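The values are calculated or read from the model by the stated rules, or taken from the named source; none is laboratory data. Remember, it's a predicted structure, so these values are computed and weren't measured experimentally. Cβ coordinates were reconstructed from backbone atoms using ideal geometry, including for glycine residues, and neighbour counts include every protein chain displayed.
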Amino acid sequence: VEGLKPRISVIGTGYLGATHAAAMAELGFDVIGVDTDPTKVDALSAGRVPFHEPGLPELILKHVGTGRLRFTSDLADAVATSDVHFICVGTPQRRGSHAANLTYVEAATKAVAEALSHDGLIVGKSTVPVGTAARLRGIVADAKPAGVDASVVWNPEFLREAHAVEDTLRPDRLVFGGTDAKSEALLRTIYAESISTGTPVISCDLATAELVKVSANAFLATKISFINAISELCEVAGADVSVLADALGHDDRIGRKFLNAGLGFGGGCLPKDIRALMYRANELGATRVVGLMQEVDEINMLQRQRVIDQAIDACGGSVLNRKIAVLGAAFKPDTDDVRDSPALNVAAALHLRGARVLVVDPEASNTAALQFPTLSFADSLDEAVTDADVVLLLTEWPVFVNADPVHLAELAANPVVLDSRNALDKEVWSSAGWEVRPLGGKI
Ligand code: UGA
């Protein structure tokens, strides 16, 4: 392997794996993506991405075309024809528990080890509780054929959905956990382009690498819950949390990013990662961070209740039979991902209270309808807002934020908008006749 261009397999083709595979092909490597789901494999092989991620379909189509990227459900074949194996499968929250479900990571790693026909490097990218990688080393040692050299290192991924391609091609740091001289050199070959343009590399032990990833997400979640806790105070004190966040952000020790007060965080990562952190820290007896994360989680979930209460209030005390327009279903703009979506959570709660809820989302209606079959979805913003007693901006898609408030005011029965992402231009909407109620700001 050394000195040659390594061939790459990527196990798991969700947001992380599909993007990583495409990015590796873009960097000039021969890549084979593996997934147990044959419909995913078929779609990707035809250059179709089964989820919305800007720029990814183009990149996949390009490299399916160059022949550097292919997809298969035959893991053994993929492993036999490659040298470095990236584990990119999911670690969702376990049902009825805060713990991460490690079944997929363990099964994928074991399957790779069993299929090795020549020396290989197994690189974990999935987000895992600290201590997992060390355990996987034992699984690999037991499962690999005798005489084959296989090591396990950890190289966590920090990509954001909706920015996955740029984050993968131009990461802001690279973390290599548990490498020796040989695996370190191999990873440096793979990431040579980023490293040559100045991306810092942090080489560390396995446990540190695992914890860097989890701590990064825990910190981001803490930042959001911090500003949301302050937003509650702003509301009762008559202060404006958006102006406050701008002022805080000028201190570069704090920074303005992830200080947008509002409905809070959702998605497939932040919520489950802080819970998995609580669970693992508790197991290890490190209880301070457990209490801290518990509070972060609680503040986050309370934001959803605050918006529900605001909607009830805007409808005069009861939402029964009131028409509520919900703008947004995705957990954030520019994705069709609805995992733990705060917007859908609020929509479903209001629906349960008897409101006539109509949800609109530019990309996520289909995925949302699968999860929430009792909710109704509109095809357009106009349709959702028509005759609405109150409008809720729950996901700050640009098409909503930049919509014409004069036109929308003519459609609504009652021009009241809950700006639950603090994203609207208050003056513009107010002068168009809307009553704008922010979350945690001055009314
Ligand atoms: C997050 C991290 O940002 C990535 O660095 C990480 O790699 C990824 O998880 C992961 O572990 O895979 P992602 O879940 O795609 O990425 O989404 P974010 O952009 O972090 O947004 C998370 C949530 O926070 C969204 O619901 C968003 O609306 C909310 N948010 C974000 C706020 O409520 N306020 C803010 O100021 C920023």
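Taking the condition in the same structural domain as Glu26 (by TED's automatic domain parsing), more than 16 Å from Ala22 (Cβ to Cβ) and at pLDDT below 95, does Gly131 pass? Criteria not met by Gly131.
Please state which one of Gly291, Gly317 is over 23 Å from the mean Cα position of the chain (by Cα), in a loop (DSSP other than H, G, I, E, B) and away from the ligand (no atom under 16 Å from the Cβ). Walk me through how you get there before you give the answer.
Working: Gly291 fails: in a loop (DSSP other than H, G, I, E, B).
Just a single option satisfies the conditions, and that option is Gly317.
Flag not set for Arg95, criterion: surrounded by fewer than 17 Cβ atoms within 10 Å (Cβ to Cβ) and in contact with a Leu (Cβ under 9 Å, 6 or more places away or on another chain). For the range 257-288, the candidate set comprises residues that are near the ligand (Cβ under 6 Å from one of its atoms) and free of Cβ contacts under 8 Å to residues at least 40 places away in the same chain; within that set, the residue that is surrounded by the most Cβ atoms within 10 Å (Cβ to Cβ) is Leu259.
Count of the range 149-171 residues, restricted to those that are among the basic types (Lys, Arg) and near the ligand (Cβ under 7 Å from one of its atoms), is 1.
Please pick out the residue among Val140, Val212 that is within 15 Å of the ligand (Cβ to nearest atom) and buried (at least 17 other Cβ atoms within 10 Å of the Cβ).
Values: Val140 fails: within 15 Å of the ligand (Cβ to nearest atom).
Exactly one residue qualifies, and that residue is Val212.
Evaluation of Asp172 against the conditions (1) under 26 Å from the mean Cα position of the chain (by Cα); (2) among the charged types (D, E, K, R); (3) within 18 Å of Phe29 (Cα to Cα) shows that the sole unmet condition is (3). Residues that are more than 16 Å from the ligand (Cβ to nearest atom), more than 21 Å from Gln303 (Cα to Cα) and in contact with a strand residue (DSSP E or B) (Cβ under 6 Å, 6 or more places away or on another chain) occur at least once in the range 388-401. Could you look through the range 1-42, keep only residues that are surrounded by fewer than 19 Cβ atoms within 10 Å (Cβ to Cβ) and of a type in the set (A, V, I, L, M, F, W, C), and pick out the one that is modelled with the highest pLDDT? The residue in question is Leu27.
Considering each residue of the range 115-134 in turn, at least one proves to be without any contact (Cβ under 8 Å) to a residue 60 or more places away in the chain, closer than 25 Å to Asp37 by Cβ and surrounded by fewer than 16 Cβ atoms within 10 Å (Cβ to Cβ).
If the condition is being within 21 Å of Arg7 (Cβ to Cβ) and in a helix (DSSP H, G or I), then the range 188-211 contributes Arg188, Thr189, Ile190, Ala192, Glu193, Ser194, Ile195.
Of the residues making up the range 219-236, those that are buried (at least 22 other Cβ atoms within 10 Å of the Cβ) and small (Gly, Ala, Ser) are Ala221, Ser225, Ser231. Residues of the range 71-96 that are under 25 Å from the mean Cα position of the chain (by Cα) and among the charged types (D, E, K, R): Arg94, Arg95.
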